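**Q** Mind looking over this structure? Questions follow.
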Amino acid sequence: MDTRNETEKIKNRYNRISGMYNFLEIPMESMFSKRRREMLKETSGKVLEVGVGTGKNLDYYPDNVEITAIDFSPKMIEKAKEKSKKIGREIKIFEMDAQNMDFDDNTFDTVVTSCVFCSVPDPVKGLKEIRRVCKNGGKILMLEHVKSNKPLLAPLMDILNPIPLNLYGANINRNTIENLKKARFENIIVKDLWLDILKLIIIRNEK
Ligand SMILES: C[S@@+](CC[C@H](N)C(=O)[O-])C[C@H]1O[C@@H](n2cnc3c(N)ncnc32)[C@H](O)[C@@H]1O
């Protein structure tokens, strides 16, 4: 895979749908908002949100955390900045690729992702970067959809994958738990939230 080309392609897809993203996500958001709230109340200290998108999580962070957020799509970032202004919260938001972050090693106490590792072109590279910038003993919280292991659903997700991939830039057949292992994460706690597809992943970063 030519990661640089793939990255430009996926970034452009998110730029293209940025204006419609919140509208397209309305049907899913009733299920997601509760999950976002539950996950984000576990954040503490210096928090990095990777792939902030239009800023859907920003409503749910505790008041006492310091939030930094990145996304590689400038158009999604515009929306996230509008959101942070609307909720009156100071958040550092940077245009940055999760596969190659500008932060020093061991910068953050908590790293958060939601529905991001379906899209990152080289997910293992992005996960290794999270491991690097998160402090030793820090927490990684992920709300991610993955490919089902069920016999009928798994091949169906492979067949349907080109639709969301071309429309959004998101894959529905990623094996994010395997990717976490490839990125050398241990102590991975996984909770199924909807079927075996939507998962809450909690990791204590040990390095
Ligand atoms: C499906 S959206 C999810 C947005 C948000 N986290 C949410 O829960 O609504 C995926 C986001 O990840 C961003 N993204 C994907 N790959 C990325 C990368 N390599 N670096 C930074 N952002 C990335 C996309 O631009 C997009 O905004």
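**Q** Regarding the range 69-86, can at least one residue be identified that is of a type in the set (Gly, Ala, Ser), open to solvent by 20 Å² or more (accessible area, probe 1.4 Å) and either farther than 29 Å from Gly137 by Cβ or touching an Asp or Glu at 6+ places or on another chain (Cβ under 8 Å) (or both)? If you could, list the steps in order and put the result at the bottom.
**A** Filtering the range 69-86 for residues of a type in the set (Gly, Ala, Ser) gives 69, 73, 80, 84.
Of the ones still in play, those that are also open to solvent by 20 Å² or more (accessible area, probe 1.4 Å) are none.
There is no residue in the range 69-86 that is of a type in the set (Gly, Ala, Ser), open to solvent by 20 Å² or more (accessible area, probe 1.4 Å) and either farther than 29 Å from Gly137 by Cβ or touching an Asp or Glu at 6+ places or on another chain (Cβ under 8 Å) (or both).
**Q** Follow-up. Do the conditions hold for Lys86, that is, is it farther than 27 Å from Ser33 by Cβ and out of contact with any Phe, Trp or Tyr (no Cβ under 6 Å at 6 or more places or on another chain)?
**A** no
**Q** I would also like to ask the following. Pull up the range 89-106, narrow it to residues that are open to solvent by 70 Å² or more (accessible area, probe 1.4 Å) and not hydrophobic (A, V, I, L, M, F, W, C), then point me to the one that is nearest to Gly53 (Cα to Cα).
**A** By that ranking, first place goes to Glu95.
**Q** While we're on this one: Condition (residue is in contact (Cβ under 8 Å) with a residue 60 or more places away in the chain, touching a Cys at 6+ places or on another chain (Cβ under 8 Å) and not small (Gly, Ala, Ser)) applied to the range 159-173: is it met by at least one residue?
**A** no
**Q** For the range 194-207, name all the residues that are open to solvent by less than 40 Å² (accessible area, probe 1.4 Å) and either over 13 Å from Cys134 (Cβ atoms) or part of a strand (DSSP E or B) (or both).
**A** Result: Asp196, Ile197, Leu198, Lys199, Leu200, Ile201, Ile203.
The values are calculated or read from the model by the stated rules, or taken from the named source; none is laboratory data. Quick caveat, the model's predicted, so the values are computed rather than measured. Note that each Cβ is placed from the backbone with ideal geometry, even for glycine, and that neighbours are counted across all protein chains shown. The area values use the complete protein model at the heavy-atom level, side chains included, leaving out ligands, DNA and RNA. Shrake-Rupley method; radii C 1.70, N 1.55, O 1.52, S 1.80 Å.
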